[in-house]
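Structure first, then comments.
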């Protein structure tokens, strides 16, 4: 046989290929009939259908969809992020391809006398630095108040949902860019401790903050904060945009021994966080919980939530006014957000979009006269300068980026996050797939993206006549409301955001 193979290699190859086809055909006819009618009825060639289905997102984004068509991020948006991350030319030629008269299209109104870029103050010598105007924890006299040095920061993405190389790249990149890194509800991992400022998120599972019985442990939180001074604030997650009212989901395929040890959960089993906290059941208890953590750690404590019913927010604003206590910041997550696994109905139909949700909550806190005491953070596809500027004009002080951060370090929007088979090694625990993600290169790319983002955000603010983007108001933005009809954002919202300007960068000194 061996001699024949050596004498007739091509015939041997064709014979092996023929045997393979016969084996596949037998499998399809006799073993696939119970689950796959196509493979049974069309053996061998029927497998092509399932293979094409698995690479459907990739085929559409590169061959089928046009530049402005694909969701959640179209090709033009991804190209801008990639070019920013690689320090490439981000300019586009031959005018806009947008339908500028379409309903909901935003227009940023430039000033006839822009703010001179030659007069701009640069914090720490970084020409892209944009410190937060407000100081976290200052209004509630926390022991360790903090002014975030960047208004663009990494949103909550857990080690578990993302692999260690992705988390490491983001943290090192955040250090280089001077922004902070939110841990997500999966706990504070070693990969969050590579130099960047950290906001530690605590969700319903209390991962990293629980005792041996799985209950919340204040002493453990205090001990962790004392050991890791780079933890600058704590975030209590009430809900998130992709699946509000439902706990976090980490498929068992992603629960490695390391992740199980960090979270204190069984290895290899699905990790489904409870849909509600057990440490508090009402607004009064929530405020008490926030104050307990803040007093024990000295850190600012905030909350993150998607927006649905408004009873909670009315009650929270009223009690914060009455007690003079409560969250130091509030992160509003839009229903369009979401980086990991979520049931389709929750992702599509539960919680309000960012602009609607933020407007309703902000107005409630303005009416209660406590909005100025809170640092407001927006989230939900705000990782682009125009969208961030609109969020700031609505009253946000900072914005979170999540999927945009993933794209900056190589995500191709394959939409395999929930399977553990991310082809570029970002949202997976597969060692082989992660090996393709170079931490040094990707951390630099993320830093480039943040700096490019902030630089363009500053340029937009200067075009509007302001030094700091937080000075932009709803009067500076208009939205198309029909054919040949545009209305300014302030009139659409029905409120004027809180003003602190004119803001000079030179006044925003660090507070640590």
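The values are calculated or read from the model by the stated rules, or taken from the named source; none is laboratory data. What you are looking at is a predicted structure, and each value in this text was computed from that prediction instead of being measured. Cβ sites come from the backbone with ideal geometry, for glycine too, and all protein chains shown count toward neighbours.
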Evaluation of residue 243 against (1) assigned to a loop (DSSP other than H, G, I, E, B); (2) on the phi < 0 side of the Ramachandran plot; (3) modelled with pLDDT under 80; (4) surrounded by fewer than 19 Cβ atoms within 10 Å (Cβ to Cβ) (one fails), failing number
(4)
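Residue under question is residue 173, and the condition is that it be surrounded by 17 or more Cβ atoms within 10 Å (Cβ to Cβ) and in contact with a helix residue (DSSP H, G or I) (Cβ under 7 Å, 6 or more places away or on another chain); does it hold? Outline the logic, then answer.
On the way: surrounded by 17 or more Cβ atoms within 10 Å (Cβ to Cβ): yes; in contact with a helix residue (DSSP H, G or I) (Cβ under 7 Å, 6 or more places away or on another chain): yes.
For residue 173, the condition - surrounded by 17 or more Cβ atoms within 10 Å (Cβ to Cβ) and in contact with a helix residue (DSSP H, G or I) (Cβ under 7 Å, 6 or more places away or on another chain) - is met.
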Pull out all pairs, ordered by first then second residue, where Cβ-Cβ is under 6 Å, the residues are six or more apart or on different chains, the first lies in region 310-338 and is at positive phi, and the second is crowded, with 19+ Cβ neighbours inside 10 Å and part of a loop (DSSP other than H, G, I, E, B).
338/241; 338/242
Name the strands (runs of 3 or more DSSP E) wholly inside region 393-498 in which the number of residues that are surrounded by fewer than 19 Cβ atoms within 10 Å (Cβ to Cβ) is 3 or more.
477-482, 485-488
Among (1) in a loop (DSSP other than H, G, I, E, B); (2) touching a strand residue (DSSP E or B) at 6+ places or on another chain (Cβ under 8 Å), the one test that residue 294 misses
(1)
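Looking only at region 247-268, how many residues end up being in a helix (DSSP H, G or I) and modelled with pLDDT of 80 or more?
Qualifying residue count, region 247-268: 7.
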Of the conditions (1) under 20 Å from the mean Cα position of the chain (by Cα); (2) assigned to a loop (DSSP other than H, G, I, E, B); (3) at pLDDT 85 or above, residue 236 fails just one. Which one is it?
(2)
Kindly indicate whether residue 450 is under 20 Å from the mean Cα position of the chain (by Cα), within 17 Å of residue 133 (Cα to Cα) and in contact (Cβ under 8 Å) with a residue 60 or more places away in the chain.
no
Restricting to region 269-285, give me the number of residues that are part of a loop (DSSP other than H, G, I, E, B) and either surrounded by 12 or more Cβ atoms within 10 Å (Cβ to Cβ) or touching a residue at least 40 places away in the same chain (Cβ under 8 Å) (or both).
10
Which numbered condition residue 200 misses (of (1) surrounded by 23 or more Cβ atoms within 10 Å (Cβ to Cβ); (2) closer than 18 Å to residue 161 by Cβ; (3) in contact (Cβ under 8 Å) with a residue 40 or more places away in the chain; (4) touching a strand residue (DSSP E or B) at 6+ places or on another chain (Cβ under 7 Å))
(3)
Which of the residues belonging to region 357-392 are closer than 16 Å to residue 477 by Cα and assigned to a helix (DSSP H, G or I)?
359, 385, 386, 387, 388, 389, 390, 391, 392
Taking region 124-141, which residues are more than 22 Å from residue 383 (Cα to Cα) and touching a helix residue (DSSP H, G or I) at 6+ places or on another chain (Cβ under 6 Å)?
139
